[in-house]
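Below is one structure, written out as structure tokens, with a few remarks after it.
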Amino acid sequence: MLTSILGLLVTLQLIAIWALMRNRLRHKRALSSLRETVALLEQRLTARTDAWRHANDTLEQTEQRHRITTALLNETKEYLNSIINSMPSVMIGVTPSGHVTHWNSAAELATGIREKKALGFRLQEIYPNLPVPPEMIEESISLSEPRMRENVKVDHLGMNRYVDITVYPLHSLELTGAVIRVDDVTMRQKLDSMMLQNEKLKSLGELAAGMAHEINNPLAAILQSLQNVERRLSPDQAGNQAAAAALGLDLKKMDSYLEAREIKRFLEGMDNAGRRAAEIVRNMLEFSRSSSRQLEPTQLNDVAHASVNFMRNAIEFSMPSLSESLVIEEDYDNSLPAIPASGIELQQVLVNLLKNAAQAIQEARRDAPLIRISTRYIPPLAEIRVEDNGTGMSLATSKQIFDPFFTTKVVGQGTGLGLSISHFIITQRHHGRIEARSTPDKGTTFVITLPIAQPGQSH
Ligand SMILES: Nc1ncnc2c1ncn2[C@@H]1O[C@H](COP(=O)(O)OP(=O)(O)O)[C@@H](O)[C@H]1O
Ligand SMILES: [Mg+2]
């Protein structure tokens, strides 16, 4: 019995040992498979990490490249903007419908409208003064050709300016539109009209040259006859005394009569006016021959005073009613040195200005008619002013006064030559400037400035 129990125990123990060993074996196998799995996972993880690291690097590189490209693009944009902005021309980008896409600094300056306020708006709304009709933009885009308008007059802050306008079509892959370029050509226009004016004066000079001899001869005859009349009225001449005695005429009494009726003064006036006319004709002849009269040291104050004297006489003759109440004030700067000038030509200018002033005052029917002529020394310039309280003139008139043959006066009162010749004498012969400042219904001031020394000459 004991033996069988022992045998059973041994058997049971053996079974237990076998089961244990099997279990260990299984465990060992599971462990090694687990290790394999872990190794595989580790391997995969490393591969993934590598891939991720690689992807991360690529992303960083792309981002860096993107950053560089953006910076470069911004730089280029700024560079282009600064080129467009530093251009003196107004540059405006528009869509085919005329909405603003670009507005450079010159456009801001010309319109006073900031870029921010302009972008996106219709050009016609924000810059109505610019004569670019929508058709001009449409035509340029549809024909793919620039469209241009030259010397267009525009109103800029109340001033007339002249501009050239070009509309360039703009075609790119995504964008269609146009660029409008506006160039201020006022200066060129002024130079052109000055040249035209000089041309007109030249042809005027040629006309004068043709007429000069014809006028000079009868003028000489008039002056000669005047001298004869004066001589034959003189009571001191033996010939006159003999002729008077034969007629029983008292020459002394006749002389008193001539004095009393101011006939002698009239004769003197005719003589002065005749000599002046001869002088003017000679002057015009000289222009036409373009022989330049020598400029000599001239006292402007003396020229001004002589012109006033001449004018006083002339006004007495031609505007007797005005001459009674007209006051001509003279205010001369004694520090003014002699300037290189032609006294005769300057007198011609001042007489023109004084005559215009008197005519404007007469037309305005002033209670206290006043002309003021003054000189001032403003180194290195000499200034002469002729002021009047006459009709004044509108802006439109004042822009044309220096044009040959421009006059607002009736035939017989004006030829429209006075100021154009004066302009020529001051600017071309004396290298000076002449301008008018006028207020309608108040009066006009003409300001002449002359250099104290001519170019190339020191004083
Ligand atoms: N002092 C002035 N006041 C007003 N208008 C003036 C004055 N001076 C000139 N003008 C204007 O300028 C025009 C041209 O002057 P001018 O060349 O001297 O020609 P004219 O006197 O023969 O008309 C005048 O017709 C007049 O309209
Ligand atoms: Mg005149």
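State all residues of region 306-329 that are of a type in the set (A, V, I, L, M) and surrounded by fewer than 15 Cβ atoms within 10 Å (Cβ to Cβ); if no residue qualifies, say none.
Matches in region 306-329: Val327 only.
For region 351-363, name all the residues that are more than 12 Å from ligand 2 (Cβ to nearest atom) and open to solvent by less than 20 Å² (accessible area, probe 1.4 Å).
The answer is Ile361, and nothing else.
From the list Phe402, Phe406, which one is more than 16 Å from Val327 (Cα to Cα), near ligand 1 (Cβ under 9 Å from one of its atoms) and surrounded by 17 or more Cβ atoms within 10 Å (Cβ to Cβ)?
Phe402
Inside region 330-346, can you point out the residues that are in a helix (DSSP H, G or I) and open to solvent by less than 40 Å² (accessible area, probe 1.4 Å)?
If the condition is that a residue be in a helix (DSSP H, G or I) and open to solvent by less than 40 Å² (accessible area, probe 1.4 Å), then Gly343, Glu345, Leu346 are the ones that fit.
Does Ile434 satisfy the condition of being more than 10 Å from ligand 1 (Cβ to nearest atom) and under 23 Å from Ala368 (Cα atoms)?
no
Would you call Glu145 acidic (Asp, Glu) and open to solvent by 70 Å² or more (accessible area, probe 1.4 Å)?
It is true that Glu145 is acidic (Asp, Glu) and open to solvent by 70 Å² or more (accessible area, probe 1.4 Å).
Across region 365-388, which residue is nearest to Arg437 (Cα to Cα) among those that are near ligand 1 (Cβ under 10 Å from one of its atoms) and not acidic (Asp, Glu)?
The extreme case among them is Val386.
Residues checked against (1) within 12 Å of ligand 2 (Cβ to nearest atom); (2) at pLDDT below 95; (3) under 25 Å from the mean Cα position of the chain (by Cα):
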{"residue": "Arg376", "(1), (2), (3)": "no, no, no"}
{"residue": "Asp388", "(1), (2), (3)": "no, no, no"}
{"residue": "Val411", "(1), (2), (3)": "no, yes, no"}
{"residue": "Leu419", "(1), (2), (3)": "yes, yes, yes"}
{"residue": "His430", "(1), (2), (3)": "no, yes, yes"}
{"residue": "Arg437", "(1), (2), (3)": "no, no, yes"}
{"residue": "Thr445", "(1), (2), (3)": "no, no, yes"}
{"residue": "Gln454", "(1), (2), (3)": "no, yes, no"}
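Can you find a residue that is in contact with a strand residue (DSSP E or B) (Cβ under 8 Å, 6 or more places away or on another chain), part of a helix (DSSP H, G or I) and over 16 Å from Ile165 (Cβ atoms) anywhere in region 134-145?
For region 134-145, residues in contact with a strand residue (DSSP E or B) (Cβ under 8 Å, 6 or more places away or on another chain), part of a helix (DSSP H, G or I) and over 16 Å from Ile165 (Cβ atoms): present.
The values are calculated or read from the model by the stated rules, or taken from the named source; none is laboratory data. Everything quoted here is computed from the prediction, not taken from an experiment. Because the Cβ atoms are built from the backbone with ideal geometry, glycine has one as well, and the counts that use them run over all protein chains shown. The accessibility values were calculated without ligands, DNA or RNA, using every heavy atom of the protein model including side chains. Shrake-Rupley method; radii C 1.70, N 1.55, O 1.52, S 1.80 Å.
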